1. Points 7 angstrom from Cα along the Cβ direction at ILE23 and SER45: gap in nanometres?
2. So between SER513 and LYS543, what do we pick up on full extension, going 0.36 nm a residue minus the alpha carbon distance?
3. Using r as the Cβ-Cβ distance of PHE213 and GLN113, and R0 as 22 Å, what FRET efficiency do you calculate, to the nearest 0.05?
4. Grab the DSSP H runs of the chain that are 4 residues or longer, score each as -39,500 (n - 2.57), total them, divide by all residues and round the 222 nm result to the nearest 500 deg cm²/dmol.
5. Averaging sequence separations of C-alpha pairs under 8 Å and six or more residues apart, then dividing by the length of region 238-280, give the relative contact order as a whole percent.
6. Taking 0.36 nm per intervening residue step and subtracting the Cα-Cα distance, what contour gain separates GLU487 from VAL173 on full extension?
7. Could you tell me how many degrees, from 0 to 90 and to the nearest 10, lie between the Cα long axis of helix 447-463 and the main elongation axis, the longest principal axis, of the Cα atoms of the chain?
8. How far is it, in nm, from the label point at SER256 to the one at LYS154 when both lie 7 Å from their Cα along the line to the Cβ?
Amino acid sequence: MKYVLLTLISAMLLSISWPTYGIPFFIFFALVPLLMMEHGVSKFSKFNRKSWVVFGLSYLCFVIWNIVTTGWLYGAKNPDGSHSMMAVVFPVLVNSLLYSLVFQCYHWYKNAQGTYWGLAFFVAIWMSFEKFHLNWELTWPWLNLGNVFSDYPKFVQWYDTLGATGGSFWILVINVLIFYTLRIWEAGRKRKSLIINTSIVAVLIVVPMIISFAKYNNFNEKPIGQVNVLMLQPDLDPYGEKYSTDSLTLENDLLSLAERNSKGKIDYYIAPETALPGRGSISETAFEKSLLLNNVKDFLVKHPGSVFSTGISSHRFYTKKDKLPTEAYQLNPALWVESYNSAVQIVPNQKVEVYHKGKLVPGVEIFPYMNVLKPLLGDAMLNLGGTVASLGTDKERVAFSNPFNKGKIAPIICYESIYGEFVTDYVKKGANFFAIMTNDSWWGVSEGHKQLLSYAKLRAIETRREIARAANSGISAHINAKGEIVEDTFYGDKTTLFAKINLYDTQTFYTRSGDLLTRFSFFALGFLLFYFLIKRVQNKMKKA
């Protein structure tokens with residue numbers, strides 16, 4: 001029961017640390033009880049299969065953490081309107097398994113190499129796992145530790161140097177040092193060592209926060225300009241209204257919403273992810289002939305100097321003569337199609353510019369490792385009004401230039417806003433402000449849309465770019481370059497949000513260097529594994 005209790009304490013601390021309901025400072029010792037459980041089972045218990053006990057208890061901890069923080073996934077529905085258990089069961093069980101495997105590797109390495117080397121390995125492998133989780137096809141970095149301070153931007157202004165992955169490193173090191181301090185105290189009961197180690201922990205917690213407050217209070221970046229942005233929030237039911245209403249009717253409602261709220265000069269109209277069309281998609285070879293897109297151009301003619309950026313569903317057809325993309329699927333013996341979740345910029349008398357979402361939601365927009373999993377799972381994927389095949393993507397980010405002013409917009413589409421280093425590529429393409437086009441309505445009134453909005457604050461800090469966030473049902477928001485919400489909307493309102501967005505053109509250290517501490521962690525992990533192998537070889541040679 002002692003080890004179960006320690007496991008449950010870690011699960012509770014991890015859970016109550018999380019945004020947008022929690023207190024993040026618990027995260028600094030949330031993993032300590034779990035580390036104590038592992039140490040107790042390994043060194044002092046009489047279990048026959050200690051590794052299985054450690055794995056089982058760590059899995060229990062991570063399952064609870066995943067359920068509490070991401071249980072809102074249950075709000076996702078099947079096409080018939082019923083709730084999808086698979087929408088929450090699969091991510092929770094698989095993600096918990098991955099974290100447990102990471103912890104199990106730490107357990108094995110620590111038993112082989114000792115506590116000190118083991119703790120270094122723990123930090124290195126956790127950091128490496130978080131980076132891996134940002135890049136593979138089952139990517140789900142929602143619970144990366146550095147995200148925990150997203151509701152407290154004043155404490156992490158230094159993310160403009162080391163990013164949210166730097167926050168993960170900070171949190172892991174503090175947890176390891178607190179565990180180490182407890183172990184030293186238990187072993188020797190030396191007050192001097194306790195005072196020294198506690199002081200080191202306190203300094204490592206407080207100093208980054210002091211630096212952060214100094215950065216916050218002394219932020220004086222000079223903008224190169226300012227643009228007037230109107231974010232549109234049409235509040236469409238993504239399961240019914242969106243796909244049952246005529247596309248022209250939906251567009252007329254959207255443009256009417258924009259017209260009614262156009263007070264004064266508007267430089268940008270920004271609509272949410274897949275705001276157009278209703279059911280179906282728009283052919284990319286016929287953008288200039290599209291009635292829907294030309295209606296937007298006609299609207300802009302009445303608003304000179306304005307551009308319109310919106311999310312759309314689009315597609316491109318291919319024949320046998322064409323080079324077929326990997327994601328294209330066959331419609332008939334002579335025709336293939338590739339579908340996209342896209343963002344477009346529409347300007348009168350100019351060709352429509354398009355960007356295809358680069359980070360796709362596993363199980364919804366991409367069939368992860370299709371060649372392996374499809375024979376096993378068939379079409380057992382979530383179908384949130386979209387496709388059960390993988391969408392096409394752009395390999396590089398895009399920034400849309402405004403022909404009427406200095407604005408250069410990053411068309412960030414929904415899920416992409418979780419990815420720090422990925423988002424910096426928009427800045428490297430010249431983007432001087434971000435437009436996040438999103439539809440968070442799939443999960444209803446839950447923590448899902450709140451957490452996704454909260455994570456966007458970290459992208460503002462990392463890159464020092466202001467954000468105009470247009471969400472289908474809310475929360476639409478203007479976020480400044482310090483990660484603060486200047487103004488936002490209520491979830492479920494059919495409304496608009498006007499914002500004066502400052503344009504910045506400097507690049508932060510994080511934008512230039514990316515996830516630097518993660519790369520160091522990969523190097524450290526490789527060194528620790530190599531050191532382990534060398535020691536094993538040496539020991540075998542001695543025995544021989």
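All of the numbers you see were taken from the coordinates with simple rules; none came from a lab. Given the structure is predicted, the values throughout are model-derived calculations rather than measurements. No Cβ is skipped: glycine too gets one built from the backbone with ideal geometry, and neighbour counts run over all protein chains shown.
1. Between ILE23 and SER45, the label points sit 3.0 nm apart.
2. Full extension from SER513 to LYS543 adds 6.2 nm.
3. 0.05
4. Roughly -15500 deg cm²/dmol at 222 nm, from the helical runs in the chain.
5. That works out to 68 percent.
6. Details: separation 314, 0.36 × 314 = 113.04 nm, distance 3.53 nm.
So the chain would gain 109.5 nm between GLU487 and VAL173.
7. Taking the Cα atoms of the chain, the angle to 447-463 is about 90 degrees.
8. Result for the modelled spin labels: 4.4 nm.
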